[in-house]
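Heads up: the structure comes next, in structure tokens.
The values are calculated or read from the model by the stated rules, or taken from the named source; none is laboratory data. Keep in mind that what you see is a predicted model, and the values were worked out from it rather than measured. Cβ coordinates were reconstructed from backbone atoms using ideal geometry, including for glycine residues, and neighbour counts include every protein chain displayed. Remember, those area values only see protein heavy atoms, side chains included, never the ligands or the DNA or RNA. Shrake-Rupley method; radii C 1.70, N 1.55, O 1.52, S 1.80 Å.
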Amino acid sequence: MAKVQKIKGFADLFPVEAEKYARLEDAARRVFTRYGFGELRTPVLEKTELFQKSIGEDTDVVGKEMFTFPDRKGRSLTMRPEATAGVVRAYVESGTYQPGLVSKYFTFGPMFRYERPQKGRQRQFHQINAEVFGASEPAADAELILMLRAFLAEVGLTGLTFELNSLGCAACRPAYKQALTDFFNSLDQEKLCQDCRRRKDTNPLRVLDCKVPDCKDMVAGAPSIADHLCPDCREHFAQVRSMLDAAKVTYVLNPRLVRGLDYYIRTTFEVTAENIGAQASVAGGGRYDGLVKSVGGPDVPGTGFACGMERLAMLLEDAPNPGLDFFVAVIDERAVGLGMDLAEKLRAQGLTGEASFASSSMKSRLRAANRLNARTCLILGESEYESGSVTVKDMSEDGEQRTVKIDDYIAQIRK
RNA sequence: GUGGGUGUAGCUCAGUUGGUAGAGCACCUGGUUGUGGCCCAGGUGGCCGGGAGUUCAAGUCUCCUCACUCACCCCA
């Protein structure tokens, strides 16, 4: 029989890896709660139109990376490729919006994108998200970045780079995009790479991010967003920066920092790591004031960020193996019931342990205890069985051992 | 979607100009009749990813295919 194998880009997380995800989620829950955020869990499956309306039809994510399929009645459903759209949908649908009310949510879970897998990129990947609705002030952006910084510190990550930019708004970005397109059109087209010749018309901001050396040279002379912000955006960005400076956040201004999803405006930021491969971005976010309205809700401003858990997990050390408090080594077959009962009573006292019921040799049972990093080995063999006792062996290097009545041993543990 | 790399024992990997399969670790057994780690000896374990072809002979050469992986693209 051929082995059934997992589908491409989907991973099994065994304990050592799964623990890192739990560590990230625990830290996020702890930190975000301190900032007044509440947990929101939304479905993994949504109507396809939700993502078309929010992320943008022209993006790669919607255009060619979604897991989209019809349900049994022919309705088009999509495995969520990101979290924000679903959170916005839930927010709007619940009707929690009221003028002047700020809502703050965090969420985590699996996202799905049909991409070619590589280091730090899976088809099913996991994100930690935070979203703020109803706050248009620069302070909301700044506080979100502070919270992200606090979260990363909580999980013990250092050496990360914060990058910051403003993408402008509906009032000033179109003019900037046009200026960019004009600029690139004025250049010798031969010197632009194939991708950029296409991108300069479809998404000129992306050209700024091109890694081809020739393109980079061209981009150096391109107009900067900083010079094209409208007065409102300029003021908003200046305030965000001054608040970050006041909070001693170290960041790099990157006028070429762009976002892949259409809904971002004004403040955008990204956190990158070194040594985790080409997919170096571990978190990213920004402001998305028009998004709520675009999925049929009220005109409420929003900001948020997403952290890539796979990429953060790569930066975490393996947790030390906690080992076992005890290991019950049953050598005499007749003592199997006794061993199970003994283990149950110890667990009821909060101890961690396993019992082995394989009727095997003393040597192999002790090796098993050693392998499992057990601190105490409880031996139940022929003589113990006949006398109703247990041999308690300390597994440390020069550990002692003694044989005591089972009842006495349990009574002693209780104390 | 486009490139590159890799598939041999449970794991990490050797395998010469084609000649019928190896090591280390792990596991099991024994040395030590009921005592682990260290040491020594022995043992279990492989359709060499799959298929076709060339050849007296293919892990090795050719083609196809599948899987994994890294990068582009894109993104967290």
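Under 7 Å by Cβ, and 6 or more places apart or on different chains, what pairs join a residue from the range A:287-299 that is in contact (Cβ under 8 Å) with a residue 24 or more places away in the chain and at negative phi with one that is in a helix (DSSP H, G or I) and open to solvent by 30 Å² or more (accessible area, probe 1.4 Å)?
Hits for this filter: A:V292/A:V92; A:S294/A:K53; A:V295/A:K53; A:V295/A:R89; A:V295/A:V92; A:G297/A:V92.
Among the residues in the range A:85-93, are any over 18 Å from A:G38 (Cβ atoms) and either open to solvent by 30 Å² or more (accessible area, probe 1.4 Å) or not hydrophobic (A, V, I, L, M, F, W, C) (or both)?
No, the range A:85-93 contains no residue that is over 18 Å from A:G38 (Cβ atoms) and either open to solvent by 30 Å² or more (accessible area, probe 1.4 Å) or not hydrophobic (A, V, I, L, M, F, W, C) (or both).
For the range A:399-415, which residues satisfy the criterion of being open to solvent by less than 90 Å² (accessible area, probe 1.4 Å) and assigned to a helix (DSSP H, G or I)?
Initial filter on the range A:399-415 (open to solvent by less than 90 Å² (accessible area, probe 1.4 Å)): A:399, A:403-404, A:406, A:409-413.
The answer is A:I406, A:Y409, A:I410, A:A411, A:Q412, A:I413.
Name the one entry in A:C196, A:C210, A:C215 that is without any contact (Cβ under 8 Å) to a residue 40 or more places away in the chain, part of a loop (DSSP other than H, G, I, E, B) and open to solvent by less than 50 Å² (accessible area, probe 1.4 Å).
On the way: A:C196 fails: part of a loop (DSSP other than H, G, I, E, B); A:C215 fails: part of a loop (DSSP other than H, G, I, E, B).
Matching residue, one of A:C196, A:C210, A:C215: A:C210.
Just for the range A:218-229: of the residues that are in contact (Cβ under 8 Å) with a residue 12 or more places away in the chain and assigned to a helix (DSSP H, G or I), which one is most open to solvent (accessible area, probe 1.4 Å)?
Ranking the candidates gives A:A226 first.
Residue by residue, here is whether (1) within 16 Å of RNA strand B (Cβ to nearest atom); (2) touching a helix residue (DSSP H, G or I) at 6+ places or on another chain (Cβ under 9 Å); (3) at pLDDT 95 or above; (4) within 16 Å of A:F108 (Cα to Cα) holds:
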| residue | (1), (2), (3), (4) |
| --- | --- |
| A:F10 | yes, no, no, no |
| A:Y21 | yes, yes, yes, yes |
| A:F32 | no, yes, yes, yes |
| A:F37 | no, yes, yes, yes |
| A:L40 | no, yes, yes, yes |
| A:P43 | no, yes, yes, yes |
| A:D58 | yes, yes, no, no |
| A:R75 | no, yes, yes, no |
| A:M79 | yes, no, yes, yes |
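Go through the range A:8-43 and count every residue that is in a loop (DSSP other than H, G, I, E, B), in contact with a strand residue (DSSP E or B) (Cβ under 9 Å, 6 or more places away or on another chain) and surrounded by fewer than 17 Cβ atoms within 10 Å (Cβ to Cβ).
Number satisfying all stated conditions: 5.
Can you tell me which residue is most open to solvent (accessible area, probe 1.4 Å) among those in the range A:364-393 that are farther than 14 Å from A:L338 by Cα and over 41 Å from the mean Cα position of the chain (by Cα)? Steps first, please.
Of the residues in the range A:364-393, the ones farther than 14 Å from A:L338 by Cα are A:364-377, A:392-393.
Cutting the leftovers down to over 41 Å from the mean Cα position of the chain (by Cα) gives us A:364, A:392-393.
Working: A:S364: 33, A:V392: 13, A:K393: 51 Å².
That would be A:K393.
So is A:T303 touching a helix residue (DSSP H, G or I) at 6+ places or on another chain (Cβ under 7 Å), modelled with pLDDT of 95 or more, among the β-branched types (V, I, T) and surrounded by 17 or more Cβ atoms within 10 Å (Cβ to Cβ) or not?
So A:T303 passes the test.
Residue by residue, here is whether (1) part of a loop (DSSP other than H, G, I, E, B); (2) under 26 Å from A:K20 (Cα atoms); (3) out of contact with any Asp or Glu (no Cβ under 7 Å at 6 or more places or on another chain) holds:
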| site | (1), (2), (3) |
| --- | --- |
| A:S242 | no, no, yes |
| A:K248 | yes, no, yes |
| A:R259 | yes, no, yes |
| A:K293 | no, no, no |
| A:G297 | yes, no, yes |
| A:P322 | yes, yes, yes |
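Here's a check for you: in the range A:113-131, which residue that is touching a helix residue (DSSP H, G or I) at 6+ places or on another chain (Cβ under 7 Å) and open to solvent by 10 Å² or more (accessible area, probe 1.4 Å) is nearest to RNA strand B (Cβ to nearest atom)?
Checking each candidate, the answer is A:F125.
Could you grab me the full set of residues in the range A:81-100 that are farther than 22 Å from A:R113 by Cα, hydroxyl-bearing (S, T, Y) and either touching a residue at least 40 places away in the same chain (Cβ under 8 Å) or in contact with a helix residue (DSSP H, G or I) (Cβ under 7 Å, 6 or more places away or on another chain) (or both)?
Residues of the range A:81-100 that are farther than 22 Å from A:R113 by Cα, as a first pass: A:91-100.
Next, only the ones that are hydroxyl-bearing (S, T, Y) stay: A:91, A:94, A:96-97.
Matches in the range A:81-100: A:Y91, A:Y97.
Please list, ordered by first then second residue, the pairs with beta carbon atoms under 7 Å, 6 or more apart or interchain, first in the range A:344-367 and more than 11 Å from A:F326 (Cα to Cα), second open to solvent by 40 Å² or more (accessible area, probe 1.4 Å).
Qualifying pairs under 7 Å: A:Q349/A:I413; A:Q349/A:R414; A:F357/A:V336; A:S359/A:E333; A:M362/A:I331; A:R365/A:I331.
Given the conditions (1) among the acidic types (D, E); (2) within 30 Å of A:T96 (Cα to Cα); (3) more than 24 Å from the chain's Cα centre (by Cα), report the number of the one that A:D217 does not fulfil.
Only one criterion is unmet by A:D217, namely (2).
Regarding the range A:150-161, can at least one residue be identified that is in contact with a helix residue (DSSP H, G or I) (Cβ under 8 Å, 6 or more places away or on another chain), over 30 Å from A:V219 (Cβ atoms) and buried (at least 20 other Cβ atoms within 10 Å of the Cβ)?
Yes: one or more hits.
Does at least one position in the range A:258-278 carry a residue that is more than 16 Å from RNA strand B (Cβ to nearest atom) and farther than 21 Å from A:P81 by Cα?
The answer is no; no qualifying residue exists.
All but one of (1) at pLDDT 95 or above; (2) open to solvent by 20 Å² or more (accessible area, probe 1.4 Å); (3) within 21 Å of the chain's Cα centre (by Cα) hold for A:G134; state the number of the condition that does not hold.
(3)
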